[in-house]
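A.B. asks: Before we start, here is the structure in question, set down as C-alpha cells.
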Amino acid sequence: MLPITRRAARGGAVLSALVMAAALAACVPTETDTVTPAAVANQVLIFPDITVTENVSYGTGASQVLDVCQPQDTETSLVNNGPRRAVVSVHGGSWREGDKAGPFWRSACEWLASEGFVVFALNYSHAPATPFPAAINDVKAAVSWLRQPAQVQLYDFDPQLIGAFGGSAGGNLVSLLGASGTGAWDTGSRVAAVVELSGPMDLTSAGLGGLTEEFKGFQLEYLGCAAYQNCANATAASPIFSLDSSDPPFFVGHSKDEYIPIRNAEILVAALTAAGVEVDYTAVPGVMHSIGMLNDPMRASIVRFLREHL
C-alpha cells in the first residue's frame, strides 16, 4: 500500500463526540473499552501543524505498516536540544485488535510529535491468528527497520536515540522490547527509553489475580496455549523475567483501580529496581486505563522523561 500523507487539522482542538462514540462502539468489551480521552469524556484531542504519513511498510507482512507523525515547525523539532528523536508507539487492544490510526492512538501520535519527536505508530500481528511471538517480532523488526540509513535520512532523526511508548497490550510489548537483548541501546532493535502505561507484566498463572475471565482467555489466545499450566510462552511474553542491568530507563504509569490490576506495575517496578534499571513510576487514582490516563500532568511527566533520556 502506498503511503498517504495528510496534515493534521487546524482550527480546533478536538474531533467531534460522534467520532469518539463510533470508535468506542466498534470495540468489543476488552481493555480498549476503558480507553477514553484525557480530561474530557467526549472529545479527542488533536494537534495542529503535524504531518501524518500513513501506511508506510516496515516489512513484507500485511500488518507490518506504520504511520509517521512529525512536526512541521523547525523550532518544534529542535525543542529537544539537538537531532530529532524518534519514538515508536505501540497501540493496545488485548493483542487481538486495535489500530495505529484509531482516534485516541492517532491523537497520542500527534501529541508526541507536537513535543518535537518523530513518532512511528505501528500496527503488528494480532492473535489468535498469529500468536506470540509474532507481535513482539514485528515491533523489533520496526525498530531495526528505522535504523536503516534510508529511514534515518528520510525522516531526519538520530538512530541512536529511539524510544518506545505503549499502553495496555502495547505497554506489555514495549516493555518486552526494552527488556530484550543486552548491551548498547543504539543498535538493532534496542531502544534508549520505554514509556509503558497499564501493561500486563506477568502472563504466567501467578499473574492472573484480578483479571477478568474474558481477558484471561484473550491472553491464552495470544500465548498460543490451551492452558496456563506448561505454557512456556507465558514466561517468555512476560517482561519481568527478561530484565537485566543493561536495559534502558522505564517510565511506568498505572491507575490504581483499573482494568489491569496495579500489581502489574508494582511487580515491574520491583523487577526493574532489582535489575538496577532506572525507573520513574506514577500511580494515579481512579479507573482510567492506558492512554486514558493522558491528562496534562501525565503528559508533562512523560515528555520530561523522554527528553531526559533521549
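Every number in this text was worked out from the coordinates using simple rules, so none of it is lab data. These numbers were taken from a predicted model, which means no experiment stands behind them. Here the Cβ positions follow ideal geometry from the backbone for every residue, glycine too, while neighbour counts run over all protein chains shown.
A.B. asks: Principal axis lengths of the stretch 112-243 from Cα atoms, whole Å, largest first?
C.D. replies: Principal axes ranked by extent give 47, 28, 27 Å for the Cα atoms.
A.B. asks: Hey, another quick one. Taking neighbour counts of Cβ atoms within 10 Å as a proxy for exposure, in what order, fewest first, do Phe117, Phe165, Phe305 appear? Walk me through the intermediate numbers first.
C.D. replies: Numbers: Phe117 30, Phe165 26, Phe305 21.
With the sparsest Cβ surroundings first, the list reads Phe305, Phe165, Phe117.
A.B. asks: Sort largest first and round to whole Å: the equivalent ellipsoid semi-axes of the stretch 43-152, each the square root of five times a Cα gyration tensor eigenvalue.
C.D. replies: On the way: eigenvalues 124, 56, 20 Å².
Those come to 25, 17, 10 Å.
A.B. asks: Further question: How much length, in nm to one decimal, is gained on full extension between Leu208 and Ala150, taken as 0.36 nm per residue of separation minus their Cα-Cα distance? All intermediate terms of the calculation are to be shown ahead of the outcome.
C.D. replies: Values: separation 58, 0.36 × 58 = 20.88 nm, distance 4.33 nm.
Net length gain for the segment: 16.5 nm.
A.B. asks: With a cut-off of at most 10 other beta carbons within 10 Å, and DSSP calling the residue loop, which chymotrypsin sites (Phe, Trp or Tyr not before Pro) in the stretch 210-265 qualify? Please list them.
C.D. replies: Hits after loop and neighbour filter: nothing returned.
A.B. asks: Whole number please: convex hull volume per residue, Cα atoms of the stretch 178-237, in Å³.
C.D. replies: Value for the stretch 178-237: 103 Å³ per residue.
A.B. asks: So, one more: To check my understanding: the extent here is largest minus smallest coordinate of the Cα atoms along each principal axis. What are those three numbers for the stretch 98-151, in Å, largest first?
C.D. replies: If we take the Cα atoms of the stretch 98-151, the spans are 35, 31, 12 Å.
A.B. asks: Also: log10 I(q)/I(0), Debye, Cα-only the stretch 223-310, no solvent, q = 0.10, 0.26 Å⁻¹?
C.D. replies: -0.32, -1.24
A.B. asks: Give the order of Asp158, Asp244, Asp202 when sorted by the count of other beta carbons within 10 angstrom, beginning with the fewest. Mind showing how you got there, number by number?
C.D. replies: On the way: Asp158 17, Asp244 12, Asp202 21.
With the fewest neighbours first, Asp158, Asp244, Asp202 line up as Asp244, Asp158, Asp202.
A.B. asks: Now for a separate question. Sort all Cα-Cα distances of the stretch 264-308 into consecutive 5 angstrom bins from zero, then give the percent of pairs in each bin up to the one containing the longest distance.
C.D. replies: Spelled out bin by bin, the stretch 264-308 gives 5, 18, 25, 23, 21, 8, 0 percent.
A.B. asks: Between the stretch 80-146 and the stretch 184-257, what's the alpha-carbon centroid distance in Å?
C.D. replies: Taking the Cα centre of the stretch 184-257 as reference, the centre of the stretch 80-146 is 16 Å away.
A.B. asks: If you don't mind, another one. Just to confirm a number: summing +1 for Lys and Arg and -1 for Asp and Glu over residues other than Trp105 whose beta-carbon lies under 13 angstrom from that of Trp105, what do you get?
C.D. replies: Working: positive: Lys100, Arg106; negative: Glu54, Asp67, Glu97, Asp99, Glu110.
Net charge in that neighbourhood comes out at -3.
A.B. asks: Fewest Cβ neighbours within 10 Å first, please rank Ser290, Ser255 accordingly.
C.D. replies: Result, fewest neighbours first: Ser255, Ser290.
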